[in-house]
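Q: Attaching a single structure in structure tokens format; questions to follow.
The values are calculated or read from the model by the stated rules, or taken from the named source; none is laboratory data. Bear in mind the structure is a predicted one, so any value in this text is a computation, not a measurement. A quick note on method: Cβ atoms are made from the backbone with ideal geometry, for glycine too, and the neighbour counts reach across all protein chains shown. Please note that ligands, DNA and RNA were not included when accessible areas were found on the heavy atoms of the full protein model with its side chains. Shrake-Rupley method; radii C 1.70, N 1.55, O 1.52, S 1.80 Å.
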Amino acid sequence: MKAVELARNYDPKDFEERIYDEWKKKKEFAPVDSEKEHFSVVMPPPNVTGILHMGHALNNSLQDIIVRYYRMQGRPTLWIPGTDHAGIATQNVVERQLQKEGLRRQDLGREKFVERTWQVKEKHHDIIKKQLEKMGCSCDWDRERFTMDEGLSRAVREAFVTLYERGLIYKGKYLVNYCPKCGTALADDEVEYENIPGKLYDVRYPYADGSGYITVATTRPETMFGDVAVAVNPEDERYTSVVGKELLLPLTDRKIPIITDSFVDKEFGTGMVKITPAHDPNDWECGRRHNLEAINLLNPDGTLNGNVPEKYRGIMAEEARKLVVEDLEKGGYLVKTTDHAHDVGHCYRCHTTVEPYLSEQWFVSMKTLADKALDAWRKGDIVFYPRRWENTYVHWMETIRDWCISRQLWWGHRIPVWYCQDCGKMIVSRDDPSECPECHSHSLKQDEDVLDTWFSSWLWPFSTLGWPEKTSDMSSFFPTNTLVSAYDIIFFWISRMIMASEEFIGQAPFKDIVITGLVRDIQGRKMSKSLGNGIDPIEVIDKYGADAMKFTLCYLAAQGQDVMIDMDSFRLGSRFANKIWNATRYLLMNIEGRNLVEISRDKLNTMDRWIYSRFNAAAAEIASAMENYRFNEAAQTIYSFFWNDFCDWYIEASKGKLLHGSDEEKDVQVSILMDILEKSMRLMHPFLSFITEEIYQKLPNHKGDVIVAEYPHFDSSLEDKDADALVSVLQEAARLVRAARSNLQIAPEKKLRVVVRIAKDNPAAAFMKEEAGLLATFMSASSVSIDTDGTEDVKGALPATGLGFEAFVFVREAIDVDAEIRRLQTEIEKNEKLLEGSVKKLSNENFITHAKPEAVEKEKSKKAEFEDKIAKSREHIELLKSF
RNA sequence: GGAGGAUUAGCUCAGCGGGAGAGCGCUUGCCUUACAAGCAAGAUGUCACAAGUUCAAUCCUUGUAUCCUCCA
């Protein structure tokens, strides 16, 4: 064979893009038919509002690892990519653009505005797709979907109409969360509460008959114009006599009654609260219990409307508060003002204060859906990794409230409801109706509102596969296997997907739910645009490569813990990739003039059997790690196998043969090295996809592309516990001698003679004899002789004790005897402490009788080992003293 | 108020009842014919605190403290 030359430096830019194009061209991301079980994953669709951040990089890296792993198992594997239209978020982006041009969306009109939003969508979509490609995501682009594409829009209508037909969707006038800036209603989950400092105002409400006044406490005095009562707790004895009396609402001429309701907290303020059904959720409930009117004070833009006295009209609520307080003070109604921190809801998209707002909206009745979703969990159809998230899921399902799904936006799926302009008939339909079924009028008007974004994303695991059509993808790939998502959208998305899937299809949309942590900066802060502490995945790829990014994230992503990183963190993956590159470069230099030969088991020596055994153990560990979605463990296994076992020991050990062996020995050695290298590329491919493909195709023994090669699995015939044990003795001996040399600062070029004393019946004795030359290399020794009958003269040699053997290094003048004796004495103390522990355990009746027999046996051998080491150290001190 | 997480080396964090680990950083010595983005050797721990269970606890239970999330 001819040597293969690899570039001197690992530079991912040389091949990552080229390799991705090849994969794409060969359609290697598409599922390949086979007898084996299908495997599918849907990508959580990124919003088309911007570019991908580090959280997406983590999420998609893990999915890519999973998908590549199962694809290499030979299963028909599908990973569906796509994007989300992200209703409010995207509309806000476009509105901000317009604002810069001095325009509002109303100036454009609905049609033009939506057209423009599509352009923004296209632009961002292209960026996102490019980013996913740069990351190396092996998703099937031919099946890419968008939440507003034709098929998914059909799915949305199907879902809406079906739920309506089942009586699970209704329209009504309720108090909803409303963002005045976005101009739309929000679902309860879309409100973020923040504890902010505010004021508590104590206000006098005089009795209508002029017989005095009572005092109520409120944080929002401007809503007093919507007051319809004052309530006290029925148990509150202070107020029993005044219940039923009428009050005169200050700054107005309206009279309101004092009522009782048990929701009133006696301890809060004066124990009297004003009831404003249209502007507070608790008051709304109270108002319904008492049949009270709800007086809405707000316009859709957040300003006060005609239901307040003229001077406050048209003013934003928060502004009006100051005026009202001023006027209350002037009128002598304000008793006092105290500081009071309270939770205020904010819009999760624009962070504006959310107002409870009385309006007509569409709702999904959630109870039935939640019950089915809970059942799916109880039956074990879905499993969270880590399990603890199941509590969160169950709690949310059990306390669920109806879902407000209508949004007063233009960007999104129009609600499939039409109203006959002539007879007022409401038509809920899968297809656009042309005439009224009641009066046959053609004058129909579609509902102005659009649906909540999540109303399309909750269908994602099956709408992307073609539902409601009965497609072959649907029958092959549904339900999907694994969903990977961060914990911040368990409610918004994961829970709702399970509900939708159970409701429309009757089974869970996926089995395993992998919850990742969030990516934070090195100070633990969430990465965000406003803090400017985000790391752009593309910058990471430009600096270190996609493999370095994926491997590092995988290595750090432990069990749903948040990941704290900075730019330098990625050096971990980068160095590893560099190591792989250089090891390969070295090995491929050495195939020059060699022939690959069949590697039969009987040609293997102990070192060879050891590296196969280590490889095999790594494969087993990875399988179990992947089974349990312990990505960091898989990454660590790969790292230590390739770097420590393969590079530091096996390749180093093979160098002697490559230099000085016979042609036949060289051929065998090269063949084994190539075999391990080839297998390693397959083992590592899911985690470092580009570099393994680039290398794989250059290997003399490769077959096809690694992306579709067979994944190495545990093979019991390769397991070799004897070789493991023997090599670990060799390693210990090498380490002991190296340490001794290093302690004495003996220059590497100074080769010293070493005697290893080991009992004849020790199983490692023969192996040490056989590999004495190798030992010498590892020890930088001039020669190593193995003394099995204790006859060699070791006078003047520095001793060291290993498990079952002693090593003597002939150091002569290089040694500081006193310092060595001190070191040995510390060694003795350490071992005496350990021995004491062992003896204590073994003299404990309870331990002997209760502990597992293996544990007792192990303890016994530990005791012997400590005793032996102490004895040896004592002998060695004597030896040193005789110098 | 409810739920969950975290507390292990200087930093970031793994850890599976039975002799405390990794990466980075630090110290020392090496440009050993793949890699100085490397090799070799080292130093650094009351495993937050307190009880309990157990023959045996960093690990299980309970409580306490500090920090962080989510929900109401």
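Q: Looking at region A:535-602, which GluC sites (Glu not before Pro) are DSSP coil and have at most 13 other C-beta atoms within 10 Å of their C-beta? If you can, show how the numbers build up before the last one.
A: Details: sites: A:Glu539, A:Glu592, A:Glu598; in loops: A:Glu592, A:Glu598.
Those satisfying the criteria are A:Glu592, A:Glu598.
Q: About the Cα centre of chain A, what is the dipole size in debye to 20, counting +1 per Lys and Arg Cβ and -1 per Asp and Glu Cβ, all else neutral? Could you put the intermediate results ahead of the total?
A: Values: 115 positive and 141 negative charges, 221 e Å.
Charge dipole, chain A, about its Cα centre: 1060 debye, nearest 20.
Q: I'd like the orientation of helix A:606-627 relative to chain A: the angle between its Cα long axis and the longest Cα principal axis, in ° from 0 to 90, rounded to 10.
A: That helix lies at roughly 10 degrees to the long axis.
Q: Rounded to the nearest 500, what is chain A's calculated 222 nm mean residue ellipticity when only DSSP H runs of at least 4 contribute -39500 (n - 2.57) each, over all residues? Each step should come with its number before you reach the end.
A: Details: 28 runs with 365 residues, N = 883.
It lands at -13000 deg cm²/dmol.
Q: How much net charge surrounds A:Glu115 when only other residues with a Cβ under 13 Å from its Cβ are counted (Lys, Arg +1; Asp, Glu -1)?
A: +3
Q: Can you tell me the 0 to 90 degree angle between the C-alpha axis of helix A:721-743 and the longest principal axis of chain A, rounded to 10?
A: On a 0 to 90 degree scale, this one is about 80.
Q: Moving on to the next point. I'd like the distance between the alpha-carbon centres of region A:346-406 and region A:455-492, rounded to an integer number of Å.
A: When both Cα centres are located, 17 Å separates them.
Q: Take the solvent-accessible surface of the protein heavy atoms, probe 1.4 Å, and return the percent of it on chain A that carbon and sulfur atoms account for.
A: On the way: 18710 of 39330 Å².
Within chain A, the accessible surface is 48 percent carbon and sulfur.
Q: Give me the dipole magnitude in Debye, nearest 20, for region A:463-604 about the Cα centre, with unit charges on the beta carbon: positive for Lys and Arg, negative for Asp and Glu. Write down the numbers at each step before the final one.
A: On the way: 16 positive and 17 negative charges, 93 e Å.
The dipole magnitude comes to about 440 debye.
Q: Quick one: which residues, 5 or more positions from A:Ile169 or on another chain, have an amide H under 5 Å from its amide H? H modelled 1.01 Å from N in the peptide plane, none for Pro or chain starts.
A: A:Tyr164, A:Ser365
Q: Sticking with this structure for a sec: How high is the relative contact order of chain A, in percent, counting Cα pairs under 8 Å that sit 6 or more residues apart?
A: 13 percent
Q: Using the heavy atoms of the protein chains and a 1.4 angstrom probe, tell me the accessible area per residue for chain A in square angstrom.
A: Averaged over the residues of chain A, the accessible area is 45 Å².
Q: For chain A, what is the percent of antiparallel DSSP beta bridges, rounded to the nearest 5?
A: So the antiparallel bridges in chain A amount to around 70 percent.
Q: Order the peptides A:566-572, A:781-787, A:688-694 from the highest to the lowest mean number of other Cβ atoms within 10 Å of their residues.
A: My ranking of the peptides, most packed first, is A:688-694, A:781-787, A:566-572.
Q: Using per-residue counts of other Cβ atoms within 10 Å, averaged over each peptide, order A:488-497, A:32-41 from highest down. If you can, show how the numbers build up before the last one.
A: Details: A:488-497: 20.6, A:32-41: 15.5.
Ranked from most to least packed, the peptides come out as A:488-497, A:32-41.
Q: Find the relative contact order for region A:151-242 and round it to a whole percent, using C-alpha pairs within less than 8 Å whose residues are 6+ positions apart.
A: 12 percent
Q: Take peptides A:608-620, A:660-672 and line them up by average Cβ neighbours within 10 Å, highest first, as a rough protection proxy.
A: Output ranking for A:608-620, A:660-672: A:608-620, A:660-672.
Q: Just need the relative contact order of region A:245-292 here, percent rounded to a whole number, with Cα pairs under 8 Å and 6+ apart.
A: Taking the mean separation of contacting Cα pairs over the length of region A:245-292, I get 20 percent.
Q: How much solvent-accessible surface does A:Arg594 expose, in Å² to the nearest 10, with a 1.4 Å probe and all protein chains in place?
A: 30 Å²
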